[in-house]
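Here's the structure we're looking at; comments come further down.
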Amino acid sequence: MIAGIRKKRVFCLAAAMVLSAAVPAPAAEQFYRLHEGITAYVVNTDGKDFGVSLDVRDLNLYANGPREILFKVYDPDGQPVVREIIPDDGCTTANLPDRIGGWDHELQSFINHYAKGTTPSIRWSAWSDPNRLKTIVARTFDRPIKGAKKGIYRIVLAGTPDQYVTLRLSPDLKYGVCGHPTFMHGHGDLLKKSFIYVPHNTTGLFFAVAEPDEPRTRHFKLTAPDGKVLFDGMATGGFLCPNEHPAFTKAFAEAAAGFATGAYDGKLLTLDVGDGDNDYLIKITFQQSRDKAPYADYVGMGSCAIYCPDAATANAIQGGTVVVDNETFWHPFQVRCHEWLKKNPLAGNPALRKEMEQIFGGFRMLETGDCRGSSSWSNLAYAMGYYGMQVFKPGWVLMRRSDVPEDAKALIKEGLIMAGDRLSFATHIEKVNGNAFSQINVALWYSHRATGDPLQKERFETFWQRWSTEGWGRGSGLSPSGDSQEHFAHDMHYGSYLMDNWKASGNTWITGPPSKPIDSGGGILGDAADDPRFQKVIDRYHELYTYLYCREAVSKAAIAANPWSARTHMSAHHEAANWESPQHPWKGDPGPDLTKDVNDGHEWFAARRKGYYVLTFHGRLAPEWMSETFNGQLGFGGGILCQVTVPGKGPVIASTLTDSYGNGMHPSQWQNFHIHALVGERWDGLPVVAGISEHEARLEGNRVTSSGEIRGAHLKSKRSYTFNPDSIDCSVELAESDYAEVMSLWMHTRLWSEMRAAYEMIPYLPKGPDAKTATAVKTGEGTALTAAGATTSRVRIDRGGFGVEIQLEKPAMVKLGTNSTLLIQLVAPGPKPTPAADVKLKYRIVPFGA
């Protein structure tokens, strides 16, 4: 995991190149995996002409769809002399059907396999075998650079973990390299002996290393400038953490004073990486103090370590920093911003002066990878596109104002081009958090409008097109149903953020808590009046949530009828008055009859009649690999009843999650669930929850049918609902997996799909609307139902004059579950398992009290 300490920082900058006709002779080469980018700091003290050559190879493994590479070269003054987008290689068909999230998915996939005592299908390190890489066609891009200026040139590449880039400099100039935004991908002897400059004003150190493949063979040693060994050991476990790993704790504690007092500033750490066949990921971040602006925000500030082949190179590059007035900067334009403020050209306009200080402070967050630095991990959707960098809308506002001097506008444009270019390639772990991922659209919209730059406009249009059509991968961006997906599925709470963040005024993303730096007076929708795409998204978003809401479950229990929620058990974070309005009325209120495939997404289906409102969910869930990363299942589907509400009175049936992030929702805990699902045990005792399935669903007239495979069960489930004028006909049935016959070809005697216990679980609200009176649950004969159960054909759930009656097609054993649920027995527990095809149930839900 991690390692932390604290204290100060520095910068020297990077890459100027002016195109010239001649390219020097070929030189040594090194290849890198873009995990998800690298920056090479080239030492050119004589100002020689030189050439940059890139061989680009694409695995086309994880990134389904076209994926470009950002290619920039800056001169020592920070001016981009190469700025282009390397196009995709043309192979865009999906390779892996699962939903993936960059390095997060890769690591979890491999770690989860090893943690189970088995191995993944492919070694994580396999792709870095030079002989294997040679089998992949390389595309070569040569760029001659006119030296002109002496100093440090900087080459920035950003892409995806699928992409390997071989870098050649001719002549063979020395350079250091860093990864961004999170890891440097190591392989072979790449970082065998590295020298790392400690920037001035560094307050602490963050360290993380992972070697996913087993057996682990790499030995890592990190030594402070005074000889203290900060770490000396193997990358045991997924990541290393100083609080958990004995090789860290004492050494880091002893070294803390060195960082805190500035004793290590301007000196060198050394990293030694032992021999081994495995690739690894390493992250070393030098932290800045949060004690003063501009770094006093929620993710802090840090810069990635630059790994250099020798001490001279490290000292020349100086950690990619420039120190002016004892302040640390990473880019020349930041220094120019600092000098501009020192001249105080706005002495007579303190308000504008404050605004300029704020936006220039925001630009100070850009570090070695052209992206926002942070004190530890870097999800750029948050760190740059959402809470963490207040530059994009403020830049757009200031560029439009006549009282802003032209030289200040030039600096703003320079910063926006750097930040916007890099942010448009934040498409990896960022995809997991849809609420923040959606805000990259906003940042890129403001950036390209402010700069008027054609390349930035193209990047915005590309990002928007892929975000709005799942072009960044299935389960990322805007869903077919209209919400911004979380954890590659749906989340009720975080998924609702976009409705506030894109509203017409008071945008929390733009102003950023707790202060309000700059605001034009309208949110993104007001500012983008000439771009109707934003409004169309928000209108469809609101429409979706008018079906998903369940008023009483929100206000009384601080939870929601959202069994499908992939992150949290909470309701939408809006106050009801904020979005439950005449323009967007809740569909659970009384109204005309409706039967709806919600937003034509084929995931949620709703029906309203005089006596009931019902919502069912059949769509996508978080991928299995992601659920395994947390404590339990992240959301349930499979045709689940989310709610049955009596309009004007309140919900009666409401499926709710126990907690957030899978807490209390492991399939083995099914007896404590409060969801609607067929639950029980397979022939071998393993739990079965039919709601852990994604169904293909369709609506024909007033009837919804759906079916799909149940994860990890060798079973398939099918559900149907018929929405009658005064009742709902329900059916559920199991079947063996569609693939059972194939599996039986080589193991025909094995049991695959038999059940030894099965129940239809129906959750109800345990108290009446007054939150005091207990809900009455009785059999059709008028007897109070208990945990012991009774054989009956009817069960009446009465919340105080309104409720529903469950009418079974034939009498069955029904009992109370442990968490305000009915359990209708389909298979009696016993030694003899029941074939899946015999597990089925039909019943009718009849509301009363409307």
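The values are calculated or read from the model by the stated rules, or taken from the named source; none is laboratory data. Computed from a prediction, not measured in an experiment: that's the story for all the values here. Cβ: placed from backbone, ideal geometry, glycine included. Neighbour counts: every protein chain shown. Note: areas computed on protein heavy atoms with side chains; ligands, DNA, RNA excluded. Shrake-Rupley method; radii C 1.70, N 1.55, O 1.52, S 1.80 Å.
Brief remarks on what is shown
- Only residues that are crowded, with 23+ Cβ neighbours inside 10 Å, within 30 Å of Lys116 (Cβ to Cβ) and modelled with pLDDT of 95 or more were counted across region 186-219, and they come to 1.
- Of all residue pairs spaced 6 or more apart or on separate chains, those with beta-carbon atoms under 9 Å, a first member in region 397-412 that is over 11 Å from Met356 (Cβ atoms) and a second member that is surrounded by fewer than 11 Cβ atoms within 10 Å (Cβ to Cβ) and at pLDDT 95 or above are Met399/Gly452.
- The single condition among (1) without any contact (Cβ under 8 Å) to a residue 24 or more places away in the chain; (2) surrounded by fewer than 19 Cβ atoms within 10 Å (Cβ to Cβ) that Ala312 does not satisfy is (1).
- Remark: pairs (first residue in region 776-788, surrounded by 16 or more Cβ atoms within 10 Å (Cβ to Cβ); second residue modelled with pLDDT under 95 and not in a loop (DSSP other than H, G, I, E, B); Cβ separation under 9 Å; 6+ apart in sequence or on different chains) are absent.
- A count restricted to region 463-475 and to residues that are touching a residue at least 12 places away in the same chain (Cβ under 8 Å), closer than 26 Å to Phe392 by Cα and in contact with a strand residue (DSSP E or B) (Cβ under 9 Å, 6 or more places away or on another chain) stands at 2.
- Take the conditions (1) more than 23 Å from Ser125 (Cα to Cα); (2) at pLDDT below 90; (3) crowded, with 24+ Cβ neighbours inside 10 Å; Phe231 misses just one of them, which is (3).
- Checking Glu470, Glu430 one by one, the residue that is crowded, with 21+ Cβ neighbours inside 10 Å and under 21 Å from the mean Cα position of the chain (by Cα) is Glu430 and no other.
- Within the set Glu781, Glu805, the sole residue that is farther than 21 Å from His674 by Cβ and charged (D, E, K, R) turns out to be Glu781.
- Filter pass, Phe11 being under 18 Å from Thr368 (Cβ atoms) and at pLDDT below 95: yes
- Checked against (1) within 22 Å of Ile675 (Cα to Cα); (2) open to solvent by 70 Å² or more (accessible area, probe 1.4 Å), Thr821 passes all but a single condition, namely (2).
- When restricted to residues that are within 25 Å of Pro80 (Cβ to Cβ) and open to solvent by 70 Å² or more (accessible area, probe 1.4 Å), region 319-341 contains 1.
Rundown of residues vs (1) over 22 Å from Pro161 (Cα atoms); (2) at pLDDT 95 or above, yes/no style:
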residue: Gly434; (1), (2): no, no
residue: Trp445; (1), (2): yes, yes
residue: Lys457; (1), (2): yes, yes
residue: Ser520; (1), (2): yes, no
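- The single condition among (1) at positive phi; (2) open to solvent by less than 10 Å² (accessible area, probe 1.4 Å); (3) among the small types (Gly, Ala, Ser) that Gly648 does not meet is (2).
- Leading residue by the ranking (farthest from Gly420 (Cα to Cα)) among those in region 155-176 that are among the polar types (S, T, N, Q) and buried (at least 22 other Cβ atoms within 10 Å of the Cβ): Gln163
- Residue in region 795-804 that is surrounded by fewer than 20 Cβ atoms within 10 Å (Cβ to Cβ), free of Cβ contacts under 8 Å to residues at least 40 places away in the same chain, of a type in the set (A, V, I, L, M, F, W, C) and not in a loop (DSSP other than H, G, I, E, B) present: no
- Some residue of region 281-292 being touching a helix residue (DSSP H, G or I) at 6+ places or on another chain (Cβ under 9 Å) and open to solvent by less than 10 Å² (accessible area, probe 1.4 Å): yes
- Where strands (runs of 3 or more DSSP E) fall wholly inside region 661-767, the ranges with 3 or more residues that are touching a strand residue (DSSP E or B) at 6+ places or on another chain (Cβ under 7 Å) and of a type in the set (Lys, Arg) are 715-723.
- Of all residues in region 118-154, those that are part of a strand (DSSP E or B) and either open to solvent by 60 Å² or more (accessible area, probe 1.4 Å) or free of Cβ contacts under 8 Å to residues at least 40 places away in the same chain (or both) total 4.
- Residue in region 693-711 that is closer than 18 Å to Gln825 by Cβ and basic (Lys, Arg) present: no
- Elements of the type helices (runs of 4 or more DSSP H) sitting completely within region 545-646 and holding at least 3 residues that are modelled with pLDDT under 90 and of a type in the set (A, V, I, L, M, F, W, C): these cover 551-557, 576-579.
- Where Leu341 falls short, out of the listed (1) in contact (Cβ under 8 Å) with a residue 40 or more places away in the chain; (2) in contact with an Asp or Glu (Cβ under 7 Å, 6 or more places away or on another chain): (1)
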